[in-house]
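A short write-up of the structure that comes next.
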């Protein structure tokens, strides 16, 4: 009798928990999935390790130099080197002037299933460039997003917001945008 009660309690618990987990799982909109599916692969881009399917950056600055930056990227991985390059994404910031939030971070598997990046896979570390020069600056940081479970043919998708709450110089704004990389950029 105890076994049946235990089994009943476990089943009821699963019935309450599993639908909630499924309902909270993120989904990929049709346009994004179509972009991933139609992008091609090594046949179309034999020298590429990944494809930057979409890269968008915008800045909204105020007259005093404060403002908000938005970055979105969708990247399809084609090789092991691509996994090495994009398995972790680093977003630099200087905590005296700005703060960073990760609004979206996930792996979109080849079959369309989604693995959301949990908060414990997003960490702030000292800026790697400073470490290489043997400089320690506790304010120069990188938000590192780790995309676990990434495999060849999968895509990563992330959106980051950078809040500049103090201008580095009075009434001046500061931002950087990269226009070229090592992998093909399909849409920018």
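The values are calculated or read from the model by the stated rules, or taken from the named source; none is laboratory data. No experiment lies behind these values; they were computed from the predicted model shown. Methodologically, a virtual Cβ is constructed for each residue, glycine included, from the backbone with ideal geometry; neighbour enumeration extends over all protein chains shown.
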For segment 80-101, which residues satisfy the criterion of being crowded, with 16+ Cβ neighbours inside 10 Å and either part of a loop (DSSP other than H, G, I, E, B) or on the phi > 0 side of the Ramachandran plot (or both)?
87, 97
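Restricted to segment 140-151, and to residues that are surrounded by 15 or more Cβ atoms within 10 Å (Cβ to Cβ) and either under 25 Å from residue 40 (Cβ atoms) or at pLDDT 95 or above (or both), which residue is nearest to the chain's Cα centre (by Cα)?
Here the answer is 145.
Given the criterion under 17 Å from residue 53 (Cα atoms) and modelled with pLDDT under 95, identify the matching residue among 180, 131.
One residue alone meets the criteria, 180.
Please find, among 52, 75, the residue that is assigned to a strand (DSSP E or B), in contact (Cβ under 8 Å) with a residue 60 or more places away in the chain and out of contact with any helix residue (DSSP H, G or I) (no Cβ under 9 Å at 6 or more places or on another chain).
Values: 75 fails: out of contact with any helix residue (DSSP H, G or I) (no Cβ under 9 Å at 6 or more places or on another chain).
Only one candidate passes the filter, namely 52.
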Of all residues in segment 115-139 being within 13 Å of the chain's Cα centre (by Cα) and touching a residue at least 12 places away in the same chain (Cβ under 8 Å), which is farthest from residue 167 (Cα to Cα)?
115
Given the conditions (1) under 20 Å from residue 49 (Cα atoms); (2) over 11 Å from the mean Cα position of the chain (by Cα), and given that residue 87 satisfies all but one, which numbered condition is not satisfied?
(2)
Any pair with Cβ under 7 angstrom, 6 or more apart, that starts in segment 164-184 at a residue that is part of a loop (DSSP other than H, G, I, E, B) and ends at one that is modelled with pLDDT under 80:
167/173; 168/174
